[in-house]
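Below is one structure; the comments refer to it alone.
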Amino acid sequence: MFRTTPPSVYWLALGAFALGMASFVTAGLIPMIGQAFNVEVAVAAQLVTVFSLAYGIGSPVVVALLPAHRQRFAMLAALAVFLLANVASALVDDFVALLVSRAFAGLGAGVYLATAIAASSAVALPGQRGRAIAMIMTGMAAGTVLGVPCSLLLAERAGWQAALWLIALLAGGAWLGLACSPVRLAAGPQIAISSRRLLLSDRKVMSILLVSLLAAVSSLGMYTFIAPLLGDPEFGGIDNIAPWLWAWGLGGVAGSFLIAPLAERIEGPLLTLIILLILATALLLLPLAAALSPWLAMLAIALWGCVGWALQVPQNNRLIAERQAQGDSNLAVALNESALYLGSALGAGAGGLLLALPVWTLALSAGAVALLAALVQFSSLRIPSSEALETGIGNSK
């Protein structure tokens, strides 16, 4: 896998690593930031909100406006915005200015990830688009699982700004690597802004986005409630859930990496269906596993994290295959990222309402949503694709 991966993909993955850190580290920095700016924790938490809104809502708008013939420039510009916004976040001494800088960081992150995924598929060798996308997702997962704890440890010793300086340093390294890369991305067809709305009338694309939304409601929504479930005396009574969160995250890193060869051998729609069924099974069995043994629950959580993160490799691969000829695959990927953020928010909100019920209903409800996503995916198998999907050497047409 490593020998045939273009060097530029590794620089793209490094940028995704920095993005993964930035997406989740702010939540851990909130107490320190609140104290530094003398604001309530609830107010400091809005830093996460503005980042997420700019990422999930603003980035698709920006991607829709990007000129198709300047893809490389757009990717480097987005990464530069992300880098400078993190530098500004570390330097500002006003909380409102910090809010603005985090919004720009979220905007740059969302645009960069969409363009980086599309770029990785463009520079990949024939039949290896799946593994190139997997490298990007592995970078993001590793940034979340490994980068966030390391940056929080650094923040505890050197101040909260140090975590943001580390993110900026990594983003700067990725930017220099990509800027010096000899790879040039092919220009896509010129598309009028009004024509880009046609993407939303593509039944196949909308089905893919709906599956991503439901999967995020199930997987990312349930992630919010691991602590209440495992903290219940009937399901382990665990006080420190950090090892179980690590199991989820490390499973995600493994899944993002190991899905690459499968993406080359199994058709994307079928692979997505298999992943969703495994996700549903892991979530439905989680209460039973936790009741038997917390360590057995760790296996279910690791499997859940593995398939939850792996899902986006075939999803993004299919979106690019569907819309590459139309020249708006970047926008399709950006909309997919928005679906993930919206699904996470919906899942967390619905889970909060379910806390009034026995805690095991959280996992069962999440599993039921995953089954619903699988049903939607099964139904979508009969929707004709706009073009033949690239499924790799092992499944060439």
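Do any helices (runs of 4 or more DSSP H) entirely within region 1-97 hold 1 or more residues that are within 18 Å of residue 163 (Cβ to Cβ), and if so, which?
In region 1-97, the matching helices (runs of 4 or more DSSP H) lie at 7-37, 41-44, 46-53, 71-91.
Hey, could you check region 28-63 for residues that are among the β-branched types (Val, Ile, Thr) and under 18 Å from residue 151 (Cα atoms) and say which is surrounded by the most Cβ atoms within 10 Å (Cβ to Cβ)?
Filtering region 28-63 for residues that are among the β-branched types (Val, Ile, Thr) and under 18 Å from residue 151 (Cα atoms), the one surrounded by the most Cβ atoms within 10 Å (Cβ to Cβ) comes out as 33.
Quick test for you: out of 184, 157, pick the one residue that is outside any helix (DSSP H, G or I), out of contact with any Ser or Thr (no Cβ under 8 Å at 6 or more places or on another chain) and either at pLDDT 85 or above or over 30 Å from residue 270 (Cβ atoms) (or both).
184
Looking only at region 272-294, which residues are over 30 Å from residue 204 (Cβ atoms) and of a type outside the set (A, V, I, L, M, F, W, C)?
If the condition is that a residue be over 30 Å from residue 204 (Cβ atoms) and of a type outside the set (A, V, I, L, M, F, W, C), then 287, 293, 294 are the ones that fit.
Taking region 236-263 as the search range and keeping residues that are within 18 Å of the chain's Cα centre (by Cα) and among the aromatic types (Phe, Trp, Tyr), which one is surrounded by the most Cβ atoms within 10 Å (Cβ to Cβ)?
Among those that are within 18 Å of the chain's Cα centre (by Cα) and among the aromatic types (Phe, Trp, Tyr), it is 248.
All but one of (1) farther than 22 Å from residue 142 by Cα; (2) under 18 Å from the mean Cα position of the chain (by Cα); (3) hydroxyl-bearing (Ser, Thr, Tyr) hold for residue 89, so report the exception by its number.
Every listed condition holds for residue 89 apart from (2).
Does region 5-20 contain any residue that is surrounded by fewer than 22 Cβ atoms within 10 Å (Cβ to Cβ), among the hydroxyl-bearing types (Ser, Thr, Tyr) and modelled with pLDDT under 80?
Yes: one or more hits.
Answer yes or no as to whether residue 309 is touching a Pro at 6+ places or on another chain (Cβ under 7 Å), closer than 16 Å to residue 224 by Cα, of a type in the set (Phe, Trp, Tyr) and modelled with pLDDT under 95.
no
List, please: which pairs have Cβ atoms under 8 Å, are six or more places apart or on different chains, and start with a residue in region 102-131 that is free of Cβ contacts under 8 Å to residues at least 40 places away in the same chain and buried (at least 24 other Cβ atoms within 10 Å of the Cβ) and end with one that is among the small types (Gly, Ala, Ser) and in a helix (DSSP H, G or I)?
Going by the 8 Å Cβ cut-off, the qualifying pairs are 108/78; 108/80; 108/85.
The values are calculated or read from the model by the stated rules, or taken from the named source; none is laboratory data. Worth saying up front: this structure is predicted, and the values here are computed from it rather than measured. Note that each Cβ is placed from the backbone with ideal geometry, even for glycine, and that neighbours are counted across all protein chains shown.
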